[in-house]
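Worksheet: one structure, shown below.
The values are calculated or read from the model by the stated rules, or taken from the named source; none is laboratory data. What you are looking at is a predicted structure, and each value in this text was computed from that prediction instead of being measured. Glycine gets a Cβ as well: all are built from the backbone with ideal geometry, and neighbour counts include every protein chain shown.
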Amino acid sequence: MSTSLFTGLSGLRSYETYLDVIGNNISNANTTGFRGSRVTFGDLLSITTSPASAPTASLGGKNPTQVGLGVGVKSVDMNTNAGSLVATDRNLDLTIFGAGFFVLNDGAQNVFTRAGTFGFDANGTLVELGSGFRVQSAAGQSIVVEPNSIAPPKATTEINVKGNLPATVTGPLAEILTSNNPFQTGTAATVTGTASQPFAFTAGDSFSVSVDGGVIQTIQLTAADFTAIGGNIASATAAEVAQVINSQLVGATASASSGALVIASDSIGSTSKVKITDVSGQPAFTLGLSTILTEGTDSPATGSLDLNDLVSTKVDYVSGDGIEVRGSDMSGDDFGGTFIYGVDGTTLEDLRAYIANLVPDATVSIDLDGNMVLTGNEPGEAEYSLTLEDPPGNTGSSDFNSTAFVVTQAGTPPDSVNTAITIYDKNGEPHVVSLTFEREDAASWKLTASLPDADGTLLDSEVGNIRFDQDGSLIADGGPGDADLNIEIQFAIGQQDITLNLGSLGGIDGLTQFGGPATAQAINQDGFGAGTLTDVLVGQDGSVLGVFTNGQTENYGQIGIASFANPGGLRRDGSNMFSATTNSGVPLISNGGGPGGFIQAGVLETSNVDLAEEFVRLIEAQRGYQASARIIRASEELLQSLLQNI
């Protein structure tokens, strides 16, 4: 009977421990990085009242008869599963994805924790905020970030240029002036009759003639006109008819050729026209003259053509007549002179040479269409102009207004592409350098650098002969012009050489020359100014990175992560801290990404206690405790009954 009392007592003691563990788990359900525990039970030593016996030839074997002495706590084990994660968006709230532990030093020894609530103390040392223990690196040292850290500047040594320079050539172009209408020669409108003389006319016969679209002129054939020249109206010759016509006709001339009458306009070219119509009788029909409109023809003039043979010449020039030449050169400066017919020449080529001599910065030519063309000798914007004019007092004259000179190609500078980038000198001072690509020919460019005069002086500002292959790649046979592709700048603090990286030769990873728009630009450079510390970040490998205002980072160390062969063997020290024991194994400390796992910033690990599970265990512990108490009560009642009956 006394055995049952002690058996019940062992149950009370064991379930008290169980309740203690459960209570501790529940109370730490919201403790950052907490590791819950579980209780396992084991029975106590049993009393053997009869031993086991082996089977015999006549009897079977017999099991031992044993009475247990109760229950005891076999172990209280740590739950090493990871807890849930909660985002805090705080850079120095850290968690470990893996089984490892952060390493802290309390001034005497290392302790370990899963709670990554870290921050900096007044000295810039990374510590655990709740205890002030210093966070240890993988090398076993404290991690210190100076609060007023400054990142030193770096002078620019290289500029990377990338993008497209257009293949289509739109410059450089020289300005071109062209005569508005070409210089032309041509034939006169001519009407030729039939060779059937003598011609018989009747007095009063008449016909009309329209010359060059002008006023209609009526030609009267009278007996007196023919008698006056020794002829007869009834049997006139072609020469006699021509003589009578010329006495009445203006703007055209009649002549006889092989017995036929010929009427030709005094002008030449497509504006030359003759239209004959019978008015009274049929003199035109008798002469065999066509009554259909007849026109002259045009053809391009050549340099050897006399000026008087030009369609535009209305009245032939005579020796001493002048043609005034006026205009402006590339810069807009005026020039002028007077070409004297018969002195300076008589042909279109002579006039061309005279004009060319007045404009030394341009070339004057006559093209195949008869246009006189003035072309600037240098590409770029220009102020060329040219006019030809007959001065007062000339005998001859031309319709130069119809051959006025107009700009047929505006002068343009070379194709250019501009980009700019901020570079840094050795003191970290910024300077804006402009880079201009300028086309030299269809497959070659030059690059020119510039910067404000107040910033410094460019000792070498050009890279020439940047060439491209037919496939648009940077040409590989000899490379871009300057072997070193350098520009040299003299700053106040000294000279600085900067290399221009245009891409690999034969490749398209830098500058290219394809069809399409210009996209070439300086994309980056390797310099920066001085910077001050603005933030601290922690990488997955545990690197503590200082972020500076100049975009640079500095690694101040890597947070160590300790892993154990048996993390369940660690000893709890309170405040979420653990210490190594002989059964946990020696800590293996490594960087993030090693055997202990990797680090994630901005999140914390919560307790791994499952409240639902703990409440079930709480009920289980309560019922077990109550049952153990009932054993003691039952045993006590039986003893009392026994004593009352003695």
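Annotations for the structure displayed:
- Just one of (1) on the phi < 0 side of the Ramachandran plot; (2) in contact with a Gly (Cβ under 7 Å, 6 or more places away or on another chain); (3) assigned by TED's automatic domain parsing to the domain that holds T448 fails for S385. It is (3).
- Count of residues meeting criterion [free of Cβ contacts under 8 Å to residues at least 40 places away in the same chain and in contact with a Leu (Cβ under 8 Å, 6 or more places away or on another chain)] in segment 513-546: 1
- Residue check, D344 free of Cβ contacts under 8 Å to residues at least 12 places away in the same chain and among the charged types (D, E, K, R): yes
- Considering segment 518-608, the qualifying strands (runs of 3 or more DSSP E), each wholly inside and each with 3 or more residues that are in the same structural domain as V433 (by TED's automatic domain parsing) and closer than 30 Å to F437 by Cα, run over 521-525.
- Test for L249: is it of a type in the set (A, V, I, L, M, F, W, C), at pLDDT below 95 and either under 30 Å from S312 (Cβ atoms) or assigned by TED's automatic domain parsing to the domain that holds G107 (or both): no
- Just one of the listed residues (V127, V144) is in contact (Cβ under 8 Å) with a residue 24 or more places away in the chain and either more than 30 Å from Q490 (Cβ to Cβ) or not acidic (D, E) (or both), and it is V144.
- Matching strands (runs of 3 or more DSSP E) fully within segment 144-233 where at least 2 residues are under 30 Å from D441 (Cα atoms): 158-164, 176-179
- S272 vs. criteria in contact with a strand residue (DSSP E or B) (Cβ under 7 Å, 6 or more places away or on another chain), surrounded by 17 or more Cβ atoms within 10 Å (Cβ to Cβ), over 30 Å from N377 (Cβ atoms) and of a type outside the set (A, V, I, L, M): yes
- Scanning segment 179-213 for residues that are over 30 Å from V373 (Cβ atoms) and either free of Cβ contacts under 8 Å to residues at least 24 places away in the same chain or among the acidic types (D, E) (or both) yields a total of 1.
- Scanning segment 141-156 for residues that are of a type in the set (A, V, I, L, M) and under 31 Å from the mean Cα position of the chain (by Cα) gives A151, A155.
- Index of the failed condition, G506 passing every other in (1) in the same structural domain as G163 (by TED's automatic domain parsing); (2) assigned to a loop (DSSP other than H, G, I, E, B); (3) out of contact with any Asp or Glu (no Cβ under 8 Å at 6 or more places or on another chain): (3)
- Test: residue in segment 385-397 that is more than 29 Å from V318 (Cβ to Cβ) and not in a strand (DSSP E or B): no
- Exclusive hit being within 12 Å of I323 (Cβ to Cβ) and either of a type outside the set (A, V, I, L, M, F, W, C) or touching a strand residue (DSSP E or B) at 6+ places or on another chain (Cβ under 9 Å) (or both), set T347, T375, T387, T363: T387
- Test for V241: is it surrounded by fewer than 17 Cβ atoms within 10 Å (Cβ to Cβ), touching a strand residue (DSSP E or B) at 6+ places or on another chain (Cβ under 8 Å) and aliphatic (A, V, I, L, M): no
- All told, T375 falls short of being outside the structural domain of L305 (by TED's automatic domain parsing) and surrounded by 15 or more Cβ atoms within 10 Å (Cβ to Cβ).
- Among (1) closer than 16 Å to N160 by Cα; (2) among the hydroxyl-bearing types (S, T, Y); (3) in the same structural domain as P379 (by TED's automatic domain parsing), the one test that T422 misses: (3)
- Residue-level check: of (1) modelled with pLDDT of 95 or more; (2) at positive phi, G98 misses just (1).
- Evaluation of S641 against the conditions (1) of a type in the set (G, A, S); (2) at pLDDT 95 or above; (3) farther than 26 Å from G119 by Cβ shows that the sole unmet condition is (2).
- Residue match in segment 428-438 (condition: outside the structural domain of A353 (by TED's automatic domain parsing) and modelled with pLDDT under 90): no
- Identity of the residue in segment 157-174, more than 16 Å from L435 (Cα to Cα) and of a type in the set (A, V, I, L, M), that ends up farthest from the chain's Cα centre (by Cα): A174
- Among all positions in segment 564-572, there is no residue which is on the phi > 0 side of the Ramachandran plot and not aromatic (F, W, Y).
- The number of residues in segment 38-80 being touching a residue at least 60 places away in the same chain (Cβ under 8 Å) and not in a strand (DSSP E or B) comes to 4.
Residue-by-condition table, conditions (1) basic (K, R); (2) at positive phi; (3) at pLDDT 90 or above:
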| site | (1), (2), (3) |
| --- | --- |
| L69 | no, no, no |
| G72 | no, no, no |
| R114 | yes, no, yes |
| F118 | no, no, yes |
| N123 | no, no, yes |
| G132 | no, yes, yes |
| A138 | no, no, yes |
